[in-house]
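Some notes on the structure that comes next.
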Amino acid sequence: MADTTTFGPHGWTPERLGPQNDKTYLITGGNAGAGFEATRILLGKGAKVVMLNRSAERSEAAVAKLKEEFGTGADVSFVRMDLASLDSVRTAADEILETVPRIDALICNAAIAQVPEQKLTVDGFESMLGTNHYGHFLVSGLLFERIEESNGRIVVVASLGYKMGIRTMQFDDMNWDANYHQNKTYAQSKLAQMMFAYELQDRLAAANSDVEVYVCHPGSSRTSLITTSGNLMTRIMFKLMSMSPMVQSAEKGAYPEVMCATEDGLEQRALYGPTGRNEWVGPVGKGTLEPFAYDKATTERLWELSEKETGFDWKL
Ligand SMILES: NC(=O)c1ccc[n+]([C@@H]2O[C@H](COP(=O)([O-])OP(=O)(O)OC[C@H]3O[C@@H](n4cnc5c(N)ncnc54)[C@H](OP(=O)(O)O)[C@@H]3O)[C@@H](O)[C@H]2O)c1
């Protein structure tokens, strides 16, 4: 059951957020959709934001737009990082470690969704699993020490789609060679991100680390997600749905991730997002989390597999 009481009838809104002048936030996919709106909110509170984006051109356009709104002194920049390439993630992490002295939160926001046909990343992973899960698993690991030194957090932006697939990992065919399905395969990639977060919480607790890990989702928000990767029919359906009250603005979709990056006193074993109809829209708070998302045998096995596939040992 969603908890609609913690932040009052309007739920969490950026009005709760005080000045962020000494804070640095990193966000993947900050040039569009909910990530762009989260960047806007944080910049508006005086934070420094470094976007980790795959396109230099779209990043420059986003920076220009944000500087137009907040002035040339706004502390917003980008590092090129393609989550679909482990090499690109490693190069970007090196650059970040050289140039960004503190990380108050790493917001794992970028994603692709509903890719109509099976595609593989340069590393041979199914494209949504590779981009959404393995890319974020690696960048979180490579930046972990800096996050820990900064007493920071990791925020995983998930999706209610985690419930709309097979509700576990298809370990015998993680790339869905035999039964690729645009929705179920997307669902697996978002569930994998959540399982990573919940397993990381357990490992951090065992290691007595102060790093906090939160999981949220934007509900159903008017962004470019489906237009970027979905097929024509999915795009038409989402366009029609977007006109209904069951879809909210990208700005509202950004509230849960900004909240998880900044608010004190949140629960870690939770899923934050809109708490209104279907938990797609409405006041932001703690939503419903299905236990299969933190099934221990599955999260542990996925962790081992992810370390092997990314070639990164977390030492946790
Ligand atoms: N919108 C919804 O209703 C909804 C519902 C549930 C969950 N979500 C989740 O919300 C998050 C934000 O999505 P959104 O709706 O704001 O989508 P969006 O408007 O499409 O933005 C996605 C961002 O991710 C970036 N990205 C995609 N592939 C990347 C890669 N290989 N490397 C680096 N960045 C990459 C995109 O960059 P480009 O501009 O270069 O494409 C873009 O900046 C995602 O995690 C998504 O799964 C959204």
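The values are calculated or read from the model by the stated rules, or taken from the named source; none is laboratory data. Keep in mind it's a predicted model, so treat the numbers as computed, not measured. Here Cβ is always computed from backbone atoms with ideal geometry, including for glycine, and neighbour counts include all displayed protein chains. Ligands, DNA and RNA are excluded from the accessible area calculation, which covers all protein heavy atoms including side chains. Shrake-Rupley method; radii C 1.70, N 1.55, O 1.52, S 1.80 Å.
I'd like to verify a number: residues in the stretch 181-219 that are under 15 Å from ARG269 (Cβ atoms), in a helix (DSSP H, G or I) and among the charged types (D, E, K, R), how many?
3
How many residues are of a type in the set (D, E, K, R) and at pLDDT below 95 if we restrict to the stretch 264-278?
Residues meeting the conditions: 1.
Only one of (1) within 12 Å of the ligand (Cβ to nearest atom); (2) closer than 17 Å to TYR214 by Cβ fails for GLU148. Which number is that?
Only one criterion in (1) within 12 Å of the ligand (Cβ to nearest atom); (2) closer than 17 Å to TYR214 by Cβ is unmet by GLU148, namely (1).
Out of all the residues in the stretch 14-36, which are open to solvent by 30 Å² or more (accessible area, probe 1.4 Å), touching a residue at least 40 places away in the same chain (Cβ under 8 Å) and of a type outside the set (A, V, I, L, M)?
ARG16, LYS23, ASN31
With (1) in contact (Cβ under 8 Å) with a residue 40 or more places away in the chain; (2) more than 30 Å from ASN151 (Cβ to Cβ); (3) not in a loop (DSSP other than H, G, I, E, B) as the list, and PHE238 as the residue in question, which single condition is left unmet?
(1)
If only one of SER229, SER209 is open to solvent by less than 30 Å² (accessible area, probe 1.4 Å), at negative phi, of a type outside the set (Lys, Arg) and in contact with an Asp or Glu (Cβ under 8 Å, 6 or more places away or on another chain), which one is it?
Going through SER229, SER209 in turn, just one is open to solvent by less than 30 Å² (accessible area, probe 1.4 Å), at negative phi, of a type outside the set (Lys, Arg) and in contact with an Asp or Glu (Cβ under 8 Å, 6 or more places away or on another chain): SER209.
Is it true that GLN188 is in contact with a strand residue (DSSP E or B) (Cβ under 8 Å, 6 or more places away or on another chain), within 13 Å of the ligand (Cβ to nearest atom) and open to solvent by less than 10 Å² (accessible area, probe 1.4 Å)?
no
Condition check: among the hydroxyl-bearing types (Ser, Thr, Tyr), within 14 Å of MET194 (Cα to Cα) and open to solvent by 10 Å² or more (accessible area, probe 1.4 Å). Does THR262 satisfy that?
no
Within the set of pairs 6 or more residues apart or between chains, which connect a residue that is in contact (Cβ under 8 Å) with a residue 24 or more places away in the chain inside the stretch 202-230 to a residue that is part of a helix (DSSP H, G or I) and of a type in the set (Val, Ile, Thr) with Cβ atoms less than 9 Å apart?
Going by the 9 Å Cβ cut-off, the qualifying pairs are ASP202/THR299; VAL211/ILE147; ILE226/THR234.
What number of residues within the stretch 237-263 are under 12 Å from THR223 (Cβ atoms), small (Gly, Ala, Ser) and at pLDDT 90 or above?
4
Which residues, counting only those in the stretch 20-74, are within 22 Å of ALA111 (Cα to Cα) and acidic (Asp, Glu)?
Residues satisfying the conditions are GLU37, GLU57, GLU60.
Could you check LYS239 against (1) closer than 20 Å to PRO14 by Cβ; (2) loosely packed, with under 15 Cβ neighbours inside 10 Å and say which number it fails?
For LYS239, the failing item is (1).
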